[in-house]
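Here's the structure we're looking at; comments come further down.
Where a number appears in this text, it was derived from the coordinates with a stated rule and is not lab data. What you see is a predicted model; the values in this text were computed from it and never measured. Here the Cβ positions follow ideal geometry from the backbone for every residue, glycine too, while neighbour counts run over all protein chains shown.
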Amino acid sequence: MKIDKQKLIVALLLAIFIAFIPLGAAAPAGTIENATVETAQSWLGVRSIHGGNNTTAIDCSHLVYQVYNQVGAKDIFFQKVPYMKNNTDYVNTSTPAPGDVIFWQKDVTQNNKTYWLATHVGIYIGNNQFIHTSFDTKNVTTDNITGVYYEGMPYFAKWSRI
């Protein structure tokens, strides 16, 4: 039996190419959201310190960055809260889903001018609950949206490239 080398090479290359095509390239619905909530929950109890950025101590903006980075958010980079809110990769949503980002905005007066400023951020986990770095407990904790930051107003968003 004579084998055509050119056909064999083409067949092998085709087989290799097919082997590297991911089966089901899109994640099943809810997978990323569940992974985001589970990852955020893994940070519960970590000490809250302004400027902290690891499992020893973390602040709110680093917490959101670390969680989204761990679940594979594409092209995410660290930003402080006001800059995060203005980043166009965080897409506003009026119907929050578990895994979304929740920003807290309030009036801030500086140099006799009042600004509507994002001052805190966390991860929404559903049922009006969110995970964040608590000013009260000084660690990463779960709180209810209503009543925690009564002087502020929540704004929900999601990273557009997960």
Using alpha carbons only: equivalent-ellipsoid semi-axes of the stretch 77-149, gyration tensor based, whole Å: 21, 16, 12
Long pairs among Lys113/Lys138; Lys85/Lys138; Lys85/Lys113, criterion Cα-Cα beyond 28 Å: Lys113/Lys138
Lys80 paired with Ser42, simple spin-label distance in nm, labels 7 Å along Cα-to-beta-carbon: 2.9 nm
For Ser134, distant residues with modelled amide H under 5 Å away: Asn139, Val140, Thr141
For the stretch 61-69, Karplus couplings with θ = phi - 60° (6.51, -1.76, 1.60), whole Hz, Gly/Pro x: 5, 5, 4, 4, 4, 4, 4, 5, 5
Rounded if a/c under 1.5, otherwise prolate or oblate - the stretch 28-159, Cα gyration tensor axes: rounded
Nonlocal amide H pairs with Asn87, under 5 Å, H built at 1.01 Å: none
